[in-house]
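First the structure, in the form of structure tokens, and then the observations on it.
A short reminder: the numbers here are calculations on the coordinates, not readings from a lab. A quick note: this is a predicted structure, and the numbers were derived from the prediction, not measured. Cβ atoms come from the backbone with ideal geometry, glycine included; neighbour counts cover every protein chain shown.
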Amino acid sequence: MIRKAVIPAAGRGTRFLPATKSMPKEMLPILDKPSIQYVVEEAVDSGIEDILFITGRDKRAIEDHFDLSVELEAALRKSNKNETADSIRSIAEMVSVFYVRQKEAKGLGHAVGCARRHVGDEPFICLLGDDLLGDADKPATRMLMELYEKLTASIIVLVPVPPDQTHLYGIAGGEEVEPGVVRIDEMVEKPEPGSAPGNLAIVGRYLLTPEIFGEIENTEPGRGGEIQLTDALISLRRKQPIYGLVWQWGRWDIGTVPGFLRAQIEFALRREDLHSGVIESIREIMANLDKGEKR
């Protein structure tokens, strides 16, 4: 049984400065909920019991968010806002949460390696906060866990991207072994344009066997002078199979400003209390743009 998840959250969030000067990018809200909470809820809804955050400096707000807030709850209940108070308490009680600090920014591979003592010899899930995945009949994390029961190997989520965007991602290529599942033959971290082994981008959901830690330890700094998780996976693939789950149910890259804005709009359109107002606002904005173009 896979019980543990690791969420690296030590990045500086430079794409969102100055908003992230004093606020962790993971706490930037999608509507009325911090983006990192969507990721935690995916893990919990999949049956994960234990989450380890890999944090860095100035990330205390994440710890506070997933802790009890006795004073806030008391104030809400005093104002007869019991439903809101219950929702605040549920955030702290949904799962066991632990924290390890990545003392130096040495890359995603290094961040995952910081989880070694906590994870031990168990397979585990790694979720990146920059990626939110759309709705299938079950969460992506749960699908990875069920696939592991059959394959007993590392599995990563892959998303098809246009060929002119492959240089922005780690890219995997391989042979389909069943519908939506490929056995990965090749991986490249941000390949040069025209040299990618396919168009399947590695995005922020991984089910990893504990052998990944030894590969991370032996991985030299790569692109950007950082220890890349993709490089460690390339090394692991030489010793054991790695599979990819091709995700077809939507994905938002909220690590970029355009992706973050798109997520805000699409998540709002899914809410009954916001849907009509958002549609009306979009129509008004588009009408004003049309008037401006005519002038």
Please indicate, with yes or no, whether at least one residue in region 120-143 is farther than 24 Å from Gly250 by Cα and either surrounded by 18 or more Cβ atoms within 10 Å (Cβ to Cβ) or without any contact (Cβ under 8 Å) to a residue 40 or more places away in the chain (or both). yes
Single match in Ser235, Ser195 (criterion: touching a helix residue (DSSP H, G or I) at 6+ places or on another chain (Cβ under 7 Å), surrounded by fewer than 22 Cβ atoms within 10 Å (Cβ to Cβ), of a type outside the set (D, E, K, R) and free of Cβ contacts under 8 Å to residues at least 40 places away in the same chain): Ser235
In region 240-265, what count of residues is obtained for those that are of a type in the set (A, V, I, L, M, F, W, C) and in a helix (DSSP H, G or I)? 5
In region 15-57, the residues that are among the β-branched types (Val, Ile, Thr), more than 12 Å from Leu132 (Cβ to Cβ), surrounded by fewer than 21 Cβ atoms within 10 Å (Cβ to Cβ) and under 17 Å from the mean Cα position of the chain (by Cα): Val44
